[in-house]
Amino acid sequence: MFYIVETKEQLDYLGKPEHDKCFVNIITTNDNRHPSLTKPCLVYYNDGEKGYILPIDHSEAFKLDWETVKEFISSINTIYVLDKKFHLYFLSGHNLIDLNFHSYTDESQFDTKVHTDFNREKYYIQELSTLIPISKHYEKWEKIYWNIKEKGLISKWSVANVFLNDIFTNVFHQIEKNGIGIDPRKFNKHFETTWKDNSIYGNTVFTQYNLYNLTYRPSNAFNSVNFAALPKGVARESFEPNNYMFVEFDYSAYHPRIIGKAIGYEFEVDPYDEVPKEIMFQNLYGGIRDEYAWFPFFAKLSIWLEGQWEEFNSTNRLKLPWGTNIYKTRIENPNKNKILSYLIQAYETYYNTLTLTRVLKLLEGKKTKIVLYTYDSILLDVAKEDVKTLLPKIKQELEADGFPTRMSVGENYGALIKK
């Protein structure tokens with residue numbers, strides 16, 4: 001069969017792959033745009049024997065019905081993808097396994113010259129992918145497929161880590177797809193995007209969480225805006241609720257409490273009453289100094305960290321709380337301080353993900369949405385009818401693991417007032 005499958009009859013003839021497993025990538029009409037603001041153009045499909053293109057909306061081929069293609073993909077037991085969070089915008093996700101959690105692949109390094117030139121010069125065109133010949137899309141994704149196969153990911157038919165592949169990915173997809181309300185005039189004054197239509201629709205700007213960092217601590221930047229480090233002050237006034245008001249919950253003394261939970265140390269009072277904040281941070285991120293080693297918290301942390309360091313050097317890997325590892329070869333100049341920093345980030349991500357799963361369950365069917373996650377805080381766009389009934393339940397879930405929060409309320413992100 002030719003590599004372009006453009007009729008229902010050809011798709012039926014193709015049938016299920018031999019092992020009921022395959023690799024898929026959705027190519028949208030413009031991959032520079034946020035997935036909320038675009039649609040499928042082509043699907044690259046490889047059954048382990050040969051790669052195919054399933055055209056959905058491209059001028060060079062007949063168009064397959066997208067619902068028919070989705071039904072075909074859904075019928076296969078296991079679908080391997082690069083970036084499951086992205087594919088959840090188009091597919092149900094129940095059978096998707098994200099290979100990027102095993103070994104990250106930078107798709108852009110396989111761009112053909114046509115891809116590179118068009119993405120540089122014509123990034124603003126809504127139907128950009130339809131201008132790139134199907135043969136060039138096929139060439140790019142054939143290279144990507146054979147690259148990941150050479151890494152051993154396809155031949156092993158990698159098994160998913162449930163926490164990363166399902167829980168973690170689903171949480172940040174749910175948050176990301178909500179976008180954040182903005183005043184477009186103020187936003188354009190304070191933030192310069194590459195092309196506003198790639199991330200802005202009406203009074204909403206869409207963020208994009210990167211889940212593939214070394215410790216899996218999500219970063220959040222898209223279209224030239226770093227949402228994980230928004231400047232304080234008037235720039236934050238650009239963000240306004242689409243519902244009734246913004247409510248932010250942020251954790252108090254979060255990192256000391258996270259470490260305390262990991263090492264089995266219980267603070268009798270607020271951590272910063274037990275250890276002054278400046279001293280706490282100096283010793284957590286600069287190494288425990290001799291003059292403070294007698295503090296009960298630091299004494300227990302020192303024993304625990306020594307055990308982590310010995311295990312790291314004996315196994316050549318750092319075990320993360322959900323069971324995967326960071327291998328020693330990936331850590332530049334490892335030392336105890338760096339190991340502690342990585343573990344703090346991993347535990348932070350782990351606890352936040354489990355907590356957010358419960359909060360998102362509470363928000364099902366509600367107008368209130370989580371619109372921004374920034375490590376030790378979440379920002380909610382709250383509907384008026386949810387203020388009295390829902391907010392106390394959200395606070396209860398956020399604090400269920402013993403991490404107290406503070407609540408701030410405001411008519412925009414720059415005017416939050418602690419309550």
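Computed from the coordinates by the stated procedures, all read-outs in this text should not be read as laboratory data. Predicted model, so just to flag it, every value in this text is computed and none were measured. Ideal geometry is used to build each Cβ from the backbone, glycine not excepted, and the neighbour counts take in all protein chains shown.
Between ASN147 and ASP197, the contour length at 0.36 nm per residue exceeds the alpha carbon distance by 14.7 nm.
The spacing between the range 1-59 and the range 107-167, judged by their C-alpha centroids, is 12 Å. About the Cα centre of the chain, what is the dipole size in debye to 20, counting +1 per Lys and Arg Cβ and -1 per Asp and Glu Cβ, all else neutral? It comes to approximately 400 debye.
Comparing Cα centroids, the range 317-378 and the range 276-311 end up 21 angstrom apart. Take the Cα of TYR3, go 7 Å toward its beta carbon, and the backbone nitrogen atoms of the range 35-73 under 19 Å from that spot belong to 41-64.
Send over the per residue convex hull volume for the range 255-345, Cα only, as a whole number of Å³.
96 Å³
Set against the 2.2 N^0.38 Å expectation for a compact globular protein, the chain has a Cα radius of gyration ratio of 1.09. When a/c reaches 1.5 or more, the comparison of a/b and b/c decides; with that in mind, is the range 76-232 rounded, prolate or oblate per its Cα gyration tensor? In terms of gyration-tensor shape, oblate. Using the Cβ-Cβ distance between LYS418 and LYS122 with R0 = 51 Å, the FRET efficiency computed as 1/(1 + (r/R0)^6) comes to roughly 0.60.
Let's test the formula: R0 of 45 Å, r as the Cβ-Cβ distance of LEU14 and GLN109. What FRET efficiency results, to the nearest 0.05? Once the sixth-power term is evaluated, E becomes 0.95. A dipole drawn for the chain from +1 and -1 charges on Cβ atoms has a positive end, and of PHE172, PRO133, TYR104 the residue lying farthest that way is PHE172. Restricting attention to the range 8-160, close to 65% of DSSP beta bridges with both partner residues there are antiparallel. Would you pull out the residues with amide H under 5 Å of ASN30's amide H, same chain only if 5 or more places away, H placed 1.01 Å from N? Under 5 Å from the amide H of ASN30: LYS39, SER129. Sequence-ordered 3J(HN,Hα) estimates for the range 223-230 from the Karplus curve with 6.51, -1.76 and 1.60 and θ = phi - 60° stand at 6, 6, 10, 8, 6, 7, 9, 5 Hz, glycine and proline given as x.
Straight Cα distances below 25 angstrom link LYS277 to the lysines LYS232, LYS261, LYS300, LYS336, LYS338, LYS395, LYS418, LYS419, with same-chain residues fewer than 8 positions distant left out. Tally Lys/Arg at +1 and Asp/Glu at -1 over every other residue whose Cβ is under 13 Å from the Cβ of LEU37; what's the total? Summing Lys/Arg as +1 and Asp/Glu as -1 gives 0. Given +1 at the Cβ of Lys and Arg, -1 at the Cβ of Asp and Glu and no other charges, the dipole of the range 339-419 around its Cα centre is 300 debye to the nearest 20. Put simply, the amide H of LEU372, placed in the peptide plane, has neighbours under 5 Å in LEU379, leaving out anything fewer than 5 places away on its chain.
Couplings for the range 66-83, taken from phi via the Karplus curve 6.51 cos²θ - 1.76 cosθ + 1.60 with θ = phi - 60°, read 4, 5, 5, 5, 4, 5, 4, 5, 5, 6, 8, 5, 9, 10, 8, 9, 9, 6 Hz in order; Gly and Pro are left as x. Computed from backbone phi with θ = phi - 60° and the Karplus coefficients 6.51, -1.76 and 1.60, the 3J(HN,Hα) list for the range 239-245 is 9, 10, x, 7, 9, 9, 7 Hz; x is used for glycine and proline. Listed by chain and number, the aspartates and glutamates placed with their C-alpha closer than 19 angstrom to that of LYS367 are GLU176, GLU240, GLU248, ASP381, GLU385, ASP386, GLU397, GLU411; residues fewer than eight positions away on the same chain are left out. Note on ASN313 and SER135: the model spin-label points, each 7 Å out from Cα along the C-beta direction, lie 5.9 nm apart. Here the label points at LYS338 and TRP66, each 7 Å from Cα along the C-beta direction, are separated by 4.5 nm in the simple model. Take every pair of alpha-carbon atoms less than 8 Å apart whose residues are at least six positions apart; their mean separation over the length of the range 255-345 yields a relative contact order of 26 percent.
Computed on the Cα trace of the range 154-276, the radius of gyration divided by the Kirkwood hydrodynamic radius gives Rg/Rh = 1.07.
For the chain, the longest principal axis of the Cα atoms and the long axis of helix 336-363 meet at an angle of about 70 degrees. At an R0 of 25 angstrom, the distance between the Cβ atoms of ALA235 and ASN213 translates into a FRET efficiency of 0.50.
Ellipticity at 222 nm from helices only: DSSP H runs of n ≥ 4 in the chain, each -39500 (n - 2.57), divided by the residue count, give -10500 deg cm²/dmol. Spin-label pair GLU268-SER36: with each label point 7 Å from Cα along the Cα-Cβ axis, the two points sit 4.8 nm from one another.
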